[in-house]
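Below is one structure, written out as structure tokens; comments come after it.
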Ligand code: IMP
């Protein structure tokens, strides 16, 4: 049995991955390995932040580990909010303020194309592997829907006329950036 740590404190993310992982691999949380450190996300790219998390755990505990980082990239804002998605308006996790800031900045903008991106960094036996997922879409002019979290109420994925926040969790999980990146990770793990 292999052990693999997911460097996250987000129970929902952990559950999502745990449900997809095969029996040969035991998925552990930071809690499971008694790690309560605050791992500072000081990178300027998703890759760097994901890598900081996976290496921190691997270097300290010598257990195979992966970390992820994700966010929203808006073309007309040169990729903002990007790695600053969680605290774009200042306060960490204030999604209403973050969305208000985006809508304000885009108020007279015609180009509303954007994407969600997730990058996973896996350190497996000392070697790093990256897995990436993106979902393209557009930014609505107003909020719509109450499901999900973060920027979901203003993000409409291409091919749909509803936002992420108007989808069920199951629907979103089929097409989301995170689901795509996790799928690639799972494929890799099947071969180890
Ligand atoms: P994390 O790295 O997955 O924790 O995401 C960082 C931030 O990006 C979150 O706080 C959200 O603001 C935004 N974000 C990431 N994924 C999503 C998503 O699926 N829907 C909406 N917002 C997201």
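Does residue 121 fit the bill of being under 28 Å from residue 18 (Cα atoms) and surrounded by 15 or more Cβ atoms within 10 Å (Cβ to Cβ)? Working first, answer last.
Working: under 28 Å from residue 18 (Cα atoms): yes; surrounded by 15 or more Cβ atoms within 10 Å (Cβ to Cβ): yes.
Answer is yes for this residue.
Among strands (runs of 3 or more DSSP E) lying entirely in region 1-101, which contain 1 or more residues that are surrounded by 15 or more Cβ atoms within 10 Å (Cβ to Cβ), in contact with a strand residue (DSSP E or B) (Cβ under 8 Å, 6 or more places away or on another chain) and without any contact (Cβ under 8 Å) to a residue 40 or more places away in the chain?
25-28
If we scan region 175-182, do we find a residue that is away from the ligand (no atom under 12 Å from the Cβ) and either under 17 Å from residue 70 (Cβ atoms) or at pLDDT 95 or above (or both)?
no
Given the conditions (1) exposed (fewer than 13 other Cβ atoms within 10 Å of the Cβ); (2) in contact with a helix residue (DSSP H, G or I) (Cβ under 8 Å, 6 or more places away or on another chain); (3) at pLDDT below 95, which single one is not true for residue 111?
Here residue 111 meets the rest and fails (3).
When only residues in region 141-174 that are more than 18 Å from residue 117 (Cα to Cα) and within 11 Å of the ligand (Cβ to nearest atom) count, which is surrounded by the most Cβ atoms within 10 Å (Cβ to Cβ)?
167
The values are calculated or read from the model by the stated rules, or taken from the named source; none is laboratory data. Everything numeric in this text was worked out from a predicted model, so none of it was measured. Cβ sites come from the backbone with ideal geometry, for glycine too, and all protein chains shown count toward neighbours.
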